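The values are calculated or read from the model by the stated rules, or taken from the named source; none is laboratory data. Everything quoted here is computed from the prediction, not taken from an experiment. All Cβ positions, even for glycine, are placed from backbone atoms using ideal geometry, and neighbour counts span all protein chains on display.
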Amino acid sequence: MADHRGGFAYWPLGGAPALERDERRRDEFEAFLSEVEQHDGWAQRMKTSPLDIRMMGECQAVVADAVATFGRVDILLCCTSQALIGTVEELSASIQTMNLVRDQFEVNYFGPLNIIKATLPHMRKERAGHMMIISGITAHIGTPGLGMYCAAGWALEGFCDSLAYEIAPFNIKLTIFQCSIEIGILTNLVTSVPPIFPAYSPANNQAPLFRGILNHLVPQLPDAALSSDSPVTPSRVHDENARVSSIENGPFSAPEVVSMHPPLSSAHLEVLVAETVYAITSIGGHENPPSRHIVGQEGVASVKEKLKTVSEELEDFIQASFAVDVAADSDPIPGMSGMNEGP
């Protein structure tokens, strides 16, 4: 965000529920604020506000406060996310799991919509601004075991693609950052629902469910033994012979709902987010930013492979697609002319 004096000011919003749940993250954030206080001029250019992004009233209040303090909002960086792990069938197994699905959309879809809608009138008034939305390649590529997480991401990106056309006449830019799956999962709260065995065990289901990947990865993270909300025990972490051999054995295969922040050390977290931070700082406020930016080589390769598959399937069935078209020389259906034409 930029203040009315032409300098840059930063207004970190959100994170209140996450910080309340994770003592380590709260301590790190407080240490960061202490560091800000020690540098001349930093404190005057930065202000923080707790925010539950799910509450529209809170979003409107903090945006209004930011405008009153700094004069305007130049950049909105929306990076709220959490991950829900489970197959579609597992997430439909009980009222509790279905409520978790609703929570997934409240945080990952409706939350960003709230802060975007609260900020939009101010940017429209200034006829300037850049909205930057942190998403992931899971909003471009379906991932088994992350169905609802992917669905919320696809919904948000569809909303943003439509919004971009609407706000372009006001000189407001919008960029979606599709980050790696590691960024989306390992840097946020992860919740897993009870698995349905044996139907979704590796022996009976060959789909590479994301639960199995996390079951193998999380116990090996450097700070797994120090995580207060992690179900992983120190003895298991430090036993060199202990490895998660199947989906049934890991912390995300418990018979009850499990929530945790993956126990990454600060050093590992810094390395993990470096590519995304570089992309944000390079593109933020750019005069002609991309509408979508894929972060990292792995993400680029995955999206290219998805586009290749879509293109091949399109060509395989292109005659079936053309066969349903109304003949060019026939009378068009009343009111349907131009319906498929973009802006």
Could you go through the range 162-170 and let me know if any residue there is farther than 21 Å from V73 by Cα, in a helix (DSSP H, G or I) and of a type outside the set (V, I, T).
yes
From the residues in the range 45-60 that are in a helix (DSSP H, G or I) and among the charged types (D, E, K, R), which one is surrounded by the fewest Cβ atoms within 10 Å (Cβ to Cβ)?
R45
Filtering the range 81-128 down to residues that are under 30 Å from Y200 (Cα atoms) and under 12 Å from the mean Cα position of the chain (by Cα) yields S81, Q82, A83, L84, Q104, F105, V107, N108, Y109
When residues of the range 94-131 are filtered for being surrounded by 15 or more Cβ atoms within 10 Å (Cβ to Cβ) and either among the small types (G, A, S) or not in a helix (DSSP H, G or I) (or both), how many remain?
6
Show the residue pairs meeting these rules: Cβ distance below 7 Å; 6+ apart or different chains; first residue within the range 205-223 and closer than 17 Å to T143 by Cα; second residue aromatic (F, W, Y) and assigned to a loop (DSSP other than H, G, I, E, B).
L209/Y200
Within the range 77-92, residues in a loop (DSSP other than H, G, I, E, B), modelled with pLDDT under 95 and among the hydrophobic types (A, V, I, L, M, F, W, C) come out as C79
Quick check: is even one residue across the range 144-165 surrounded by 21 or more Cβ atoms within 10 Å (Cβ to Cβ) and among the polar types (S, T, N, Q)?
no
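Looking only at the range 272-287, decide whether some residue is of a type in the set (S, T, N, Q), surrounded by fewer than 15 Cβ atoms within 10 Å (Cβ to Cβ) and not in a helix (DSSP H, G or I).
Checked against the condition, which is being of a type in the set (S, T, N, Q), surrounded by fewer than 15 Cβ atoms within 10 Å (Cβ to Cβ) and not in a helix (DSSP H, G or I), the range 272-287 yields no hits at all.
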Residue among E312, E341 that is more than 30 Å from R24 (Cβ to Cβ), modelled with pLDDT of 90 or more and loosely packed, with under 13 Cβ neighbours inside 10 Å:
E312
Can you name the condition, by its number, that I196 falls short on among (1) part of a helix (DSSP H, G or I); (2) hydrophobic (A, V, I, L, M, F, W, C); (3) modelled with pLDDT of 85 or more; (4) surrounded by 14 or more Cβ atoms within 10 Å (Cβ to Cβ)?
(1)
Looking at V73, V36, V63, which is the one that is surrounded by 18 or more Cβ atoms within 10 Å (Cβ to Cβ) and in a helix (DSSP H, G or I)?
V63
Failed condition for W42, given (1) modelled with pLDDT of 95 or more; (2) within 29 Å of K117 (Cα to Cα)
(1)
Quick check on P263: is it assigned to a loop (DSSP other than H, G, I, E, B), out of contact with any His (no Cβ under 6 Å at 6 or more places or on another chain) and either among the basic types (K, R) or buried (at least 20 other Cβ atoms within 10 Å of the Cβ) (or both)?
yes
